[in-house]
Amino acid sequence: MSDAREARHYRLTHLTTYTYPQEVTSSYGRAVLLPRPGGGQQVHASRLDVTPAAAEVRDHRDYHGNTSTYFHVTEPHTELQVRSSSVLTVTRRRAERSRLPNVPWELAAQAVRTVLAPDARSSGSTAGALAIAESRLASPLVDVGEEVRAYAAPSFGPGRPLADVVLDLTSRIHADFEYRTGSTTVRTRLPEVLERRTGVCQDFAHLLIGCARSMGLAARYVSGYIETRPAPGRPKLRGVDASHAWAAVWIPGGGWLHVDPTNDQVIDNRYVVLGWGRDYRDVSPLRGIVYTEGSGSQLNVGVDLWPIEPEELDAQVAEVEAGVPAT
């Protein structure tokens, strides 16, 4: 378990602004923008504010246990703002390879196939077993076809420990693909990513998940943020952070190993988890429907993940609870 010296404290703001060419008379939205507690992450305060004020707002736990917020704005508007604000402490340690089980990937795949068997569930929860079992299945944005399996194959040597397979896939994707903003969309499929050899964090997470699932393993998509660090000698700028995505693969006896192929590393206390699911569609930050005579809209997203000192926690929590924006 991490000690206090490894704790990192954050003030998180995610502001989404939609601007419409004509008046919108009604707007329905669903947001997954409130950080998920647990796994080395303590959420001290968190709230979501909508402008114009929503006539109805409801939070609930979705199928995967993430906090999902539904809202309905009935006041006519040409601009919609959705702001999430949180204060949290992260004490997550980076998983060390030496501490991970050496279970061969073939045995891990067998464990996934049989995880719902009565004898396999005796030592764990049915919900946990179901989450593992369904994480080996294809999903709308994660293909498990021959192209994906062919790309995955070099990492899956006979008897190779699954932890080494996952770390190798993470490094290969980082080396083989160019990060290029705007080269893909949220609807881009894996065969296209493999052909172009470009993408963004969402694509690289989907590819690693697809590789694992193509071999019968359990893998899921994780949405969140990573703290950006300035160049040596330069101050950290405000408002330059962004949403991030990575993958998690289940290792029998070791739990879910979270890896970031975009940056070729295992996640640590610089990462904030919003939620997880089968792919991006399950945890997209914001989606909805608007009613208007116009067409199109302009979207602007600003994210700020700002480190704070322990002595600032109480004041930052009070600001979030009072709805005071970060300054």
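Using all alpha carbons of the chain, what is the percent of pairwise distances in each 10 Å bin, ordered from the shortest bin to the longest?
Answer for the chain: a P(r) of 5, 24, 32, 25, 12, 2, 0 percent.
What's the exposure ranking of ARG189, ARG136, going from fewest to most Cβ atoms within 10 Å? Let's see the in-between values first.
Details: ARG189 17, ARG136 21.
Neighbour counts put them in this order, fewest first: ARG189, ARG136.
By per-residue mean of other Cβ atoms within 10 Å, what is the highest-first order of 153-162, 290-299? Don't skip to the end; give the middle numbers.
Values: 153-162: 15.6, 290-299: 11.9.
Ranking the peptides 153-162, 290-299 by packing returns 153-162, 290-299.
Scale the Cα Rg of the range 194-327 by the rule-of-thumb value 2.2 N^0.38 Å and send over the ratio, two decimals. Show your work: numbers first, answer last.
Numbers: Rg = 18.1 Å, N = 134, 2.2 N^0.38 = 14.1 Å.
Here the answer is 1.28, to two decimals.
Relative contact order of the chain, please, whole-number percent, based on alpha carbon pairs below 8 angstrom and at least 6 residues apart.
Values: 710 pairs, mean separation 94.3, N = 327.
The normalised contact order for the chain reaches 29 percent.
With labels modelled as points extended 7 Å from the Cα through the Cβ direction, what inter-label distance (nm, one decimal) is found for ARG196 paired with THR19?
Between ARG196 and THR19, the label points sit 2.6 nm apart.
With a bin width of 5 angstrom, please list the P(r) values of the range 97-268 as percents of all Cα-Cα pairs, from the 0 bin to the one holding the largest distance.
1, 9, 17, 20, 19, 14, 9, 5, 3, 1, 0, 0
List the trypsin sites (Lys or Arg not before Pro) within the range 214-304 that DSSP assigns to loop and that have no more than 16 neighbouring Cβ atoms inside 10 Å. Walk me through the numbers on the way to the answer.
Working: sites: ARG220, LYS236, ARG238, ARG270, ARG278, ARG281, ARG287; in loops: LYS236, ARG238, ARG270, ARG278.
Listed in order of number, the matching sites are LYS236, ARG238.
Values quoted throughout were computed directly from the atomic coordinates according to the rules given, and no laboratory measurement underlies them. Computed from a predicted model, the values in this text were never measured in an experiment. Using ideal geometry, Cβ is built from the backbone for each residue, glycine included, and neighbour counts are taken over all protein chains shown.
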